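What follows is a set of notes on a single structure, which appears directly below.
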Amino acid sequence: MWNLPVLPRVRQPRRIVIVTSGGDSPGMNPAIRAVVRSAIHCGIEVLGSDRGYTGLVEDELRPMNTASVGNILHRGGTVLKSDRCDAFREPTVRARVAQALHKRGVEGLVVIGGDGSLTGAHLLAEETGFPVIGLPGTIDNDIYGTDDTIGFDTAVNTGLEAIDRIRDTAHSHERVFLVEVMGRSSGFIALAVGLAGGAESVLLPDCRIDVPELVQRLNLSKRRGKNSSLIVVAEGHDPQLTARLAGQLTEHGHQARACILGHIQRGGSPTGHDRLLASTLGASAVDHLCADKGDIMLGVQAGCIAAVPLRDVAGLRKPLPTGILDLARILAT
Ligand code: ADP
């Protein structure tokens, strides 16, 4: 469980705006709910931006109250909608957004989103001095400065559910299944699903794929009496990779099928873990605004809520945990 940091109340904003941006993730709704209800509890007004940064750019903000976030805790996606907004990439547009927010009496912004959204949040904060708190909302878990992101746990569980089902068919038909999971070139979902799902191999993005070595491993498994295998493939830059690999393994005598999980991993009811994470981070975002903090992201480090400069989040790449790939291999043999 995460301890909520206790912060001094320096300056309570009159009004704040909440944005969900980029790819949606399960847990965005509990995060919205936590921000709205914590803020209202402190006497702060909350506005919601419609469709990510588009709502800020087009000044489409709607008042939020406790009722508007009722019955959303268990729902995937985001009730505020999300969007990609190219206009927000322009410094002049961001300056206009900050002016419009000032004009409306808005004194703080909470952005829930992935790497791109948090980069935009940092630029807005840095260029205009507007108080912005970012929350890591992405299934990919590829955000620097936090061990966990809102939506990752749900996506891993969705992947595992699929893998368990596919394993039944792989076993019955004595086949190899290559299961491609999402993760936007980062590989965190693939590693987690591979290890927890007992995959024979996990193929990560940007790693050289050695087909003869894969075949050798499958041959070895077969000799040990294992007639079906699962290989988890992380989505990468090549959309044909998984299908091509299945073809190559079949040519080498292993009946292989490709299964691409795709967007089913992005939706679904958030797990308890993601609801807890979203609720504590959302509440803490309001506390940080009241403590006059800005240009930071709130994440989790070693089990505690941690504030990380958004500059670091936007500029640094989160490394994959070491040793997990080997562990997955050892445990699957
Ligand atoms: P995610 O937040 O899931 O990584 P994107 O990368 O598509 O998704 O980013 C979402 C939105 O964040 C973009 O549509 C854009 O409005 C904003 N954004 C992304 N990158 C930048 C950037 N370098 N500068 C300013 N805004 C950005």
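The values are calculated or read from the model by the stated rules, or taken from the named source; none is laboratory data. These numbers come from a predicted model, not from an experiment. Heads up, the Cβs are rebuilt from the backbone with ideal geometry, glycines too, and the neighbour counts pull from every protein chain shown. Side chains included, ligands, DNA and RNA excluded: accessible areas come from the protein's heavy atoms. Shrake-Rupley method; radii C 1.70, N 1.55, O 1.52, S 1.80 Å.
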Problem - the stretch 222-245 - residue that is open to solvent by less than 50 Å² (accessible area, probe 1.4 Å) and within 12 Å of ALA170 (Cβ to Cβ) and, of those, nearest to the chain's Cα centre (by Cα) - result: ILE231
Completion exercise
Exception for LYS103 within (1) more than 16 Å from the ligand (Cβ to nearest atom); (2) in contact with a helix residue (DSSP H, G or I) (Cβ under 7 Å, 6 or more places away or on another chain); (3) of a type in the set (Lys, Arg) falls at (2)
Exercise for the section: For the stretch 81-93, state whether one or more residues are open to solvent by less than 30 Å² (accessible area, probe 1.4 Å), away from the ligand (no atom under 11 Å from the Cβ) and in the same structural domain as GLY294 (by TED's automatic domain parsing). Expected result: no
Exercise for the section: Assess whether LEU4 counts as being away from the ligand (no atom under 12 Å from the Cβ) and not in a helix (DSSP H, G or I). Expected result: yes
Fill in the blank from the handout: When every residue in the stretch 115-131 that is more than 12 Å from the ligand (Cβ to nearest atom) and touching a helix residue (DSSP H, G or I) at 6+ places or on another chain (Cβ under 7 Å) is compared, the one least open to solvent (accessible area, probe 1.4 Å) is PHE130
Exercise for the section: Read through the list (1) touching a helix residue (DSSP H, G or I) at 6+ places or on another chain (Cβ under 8 Å); (2) closer than 30 Å to SER221 by Cβ; (3) more than 16 Å from the ligand (Cβ to nearest atom), then give the number of the only condition that ALA155 fails. Expected result: (3)
Exercise for the section: State all residues of the stretch 132-152 that are under 13 Å from GLY22 (Cα atoms) and either within 9 Å of the ligand (Cβ to nearest atom) or open to solvent by 10 Å² or more (accessible area, probe 1.4 Å) (or both); if no residue qualifies, say none. Expected result: GLY137, THR138, ASP140
Completion exercise
Going through the stretch 37-52 in order, the residues found to be under 12 Å from ILE112 (Cβ atoms) and either more than 16 Å from the ligand (Cβ to nearest atom) or touching a Phe, Trp or Tyr at 6+ places or on another chain (Cβ under 9 Å) (or both) are GLY48, GLY52
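Tell me the residue from ARG208, ARG184, ARG167 that is assigned to a helix (DSSP H, G or I) and either within 12 Å of the ligand (Cβ to nearest atom) or surrounded by fewer than 24 Cβ atoms within 10 Å (Cβ to Cβ) (or both), please.
Matching residue, one of ARG208, ARG184, ARG167: ARG167.
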Problem - Complete set of residues in the stretch 189-204 that are open to solvent by less than 20 Å² (accessible area, probe 1.4 Å), touching a helix residue (DSSP H, G or I) at 6+ places or on another chain (Cβ under 7 Å) and either in the same structural domain as TYR144 (by TED's automatic domain parsing) or assigned to a helix (DSSP H, G or I) (or both) - result: ILE189, LEU191, VAL193, GLY194
Exercise for the section: Return a yes/no flag: does the stretch 32-51 have any residue that is without any contact (Cβ under 8 Å) to a residue 12 or more places away in the chain and either in contact with a helix residue (DSSP H, G or I) (Cβ under 9 Å, 6 or more places away or on another chain) or open to solvent by 70 Å² or more (accessible area, probe 1.4 Å) (or both). Expected result: yes
Problem - Cβ pairs under 9 Å, 6+ apart, first in the stretch 103-114 and assigned to a loop (DSSP other than H, G, I, E, B), second hydroxyl-bearing (Ser, Thr, Tyr) - result: GLY114/SER21; GLY114/SER25; GLY114/THR138; GLY114/THR149
Practice task
Could you figure out which of (1) away from the ligand (no atom under 16 Å from the Cβ); (2) open to solvent by less than 30 Å² (accessible area, probe 1.4 Å) isn't true of ALA67?
Solution key: (2)
